[in-house]
1. Less than 11 Å Cβ to Cβ from Val49, Lys/Arg counted +1 and Asp/Glu -1: what total charge do the surrounding residues give?
2. Comparing Leu61, Leu77, Leu17, which has the greatest mean-square fluctuation in the GNM of the chain with Cα pairs linked when under 10 Å apart?
3. Return the whole-Å distance between the Cα centroid of segment 21-38 and the Cα centroid of segment 50-83.
4. Which one, (1) 15.1, 48; (2) 22.9, 78; (3) 13.6, 41, gives Rg and Dmax of the Cα atoms in Å as derived from the coordinates shown?
5. Would you tally the net charge around Thr19, using a Cβ to Cβ cut-off of less than 11 Å, leaving Thr19 out, and scoring K and R as +1, D and E as -1?
6. Can you put Thr69, Thr40 in order, fewest other beta carbons within 10 Å first?
7. Which net charge results for the neighbourhood of Lys78, defined as the other residues with beta-carbon distances under 10 angstrom from its beta-carbon, given Lys and Arg at +1 and Asp and Glu at -1?
8. For the chain, set up a Gaussian network in which alpha carbons nearer than 10 Å are linked by springs, and say which option among Ser74, Ser26, Ser51 fluctuates the most.
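Derivation of every value follows stated rules applied to the coordinates shown; laboratory data play no part. Not measured: the values here are computed from a predicted model. In this analysis, Cβ positions are derived from the backbone assuming ideal geometry, glycine residues included, and neighbour counts consider all displayed protein chains.
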Amino acid sequence: MVVTWKPLLWFVKGTKLRTTEYIRDSVQSSYPDKTLHNWTQSTVEAVHVISRLTIENDIVLDPMMGTATTGIVSLNLKRQFIGIEKDSET
């Protein structure tokens, strides 16, 4: 089975958008390196979404962090990051 979509939740404080970037609902991805964990995600989608929906110093929250793909991309894009993961081995 190949998953061709992923749900995205995007919450903002206030009523104004602080970015004028458009975001596509379709992203050409790449297959992630699964050596760290079977659920590891590609950074391509994270870069696409985070770079367009946030600005520098915004806070990005990942409540199911896993191997921290979202965190790595957030920090590389100069965003702050909060990650939560219940599985200490991950």
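1. Values: positive: Lys6, Arg24, Arg52; negative: Glu21, Asp25, Glu45.
Once all neighbours under 11 Å are counted, the net charge is 0.
2. Leu17
3. So the separation of the two Cα centres works out to 14 Å.
4. (3)
5. Details: positive: Lys16, Arg18, Arg52; negative: Glu21, Glu56, Asp58.
Result for the neighbourhood of Thr19: 0.
6. Details: Thr69 22, Thr40 16.
Listing Thr69, Thr40 from fewest to most nearby Cβ atoms yields Thr40, Thr69.
7. Working: positive: Arg79; negative: Glu56, Asp58.
So the surrounding residues net to -1.
8. Evaluated over the chain, the most mobile residue of the options is Ser26.
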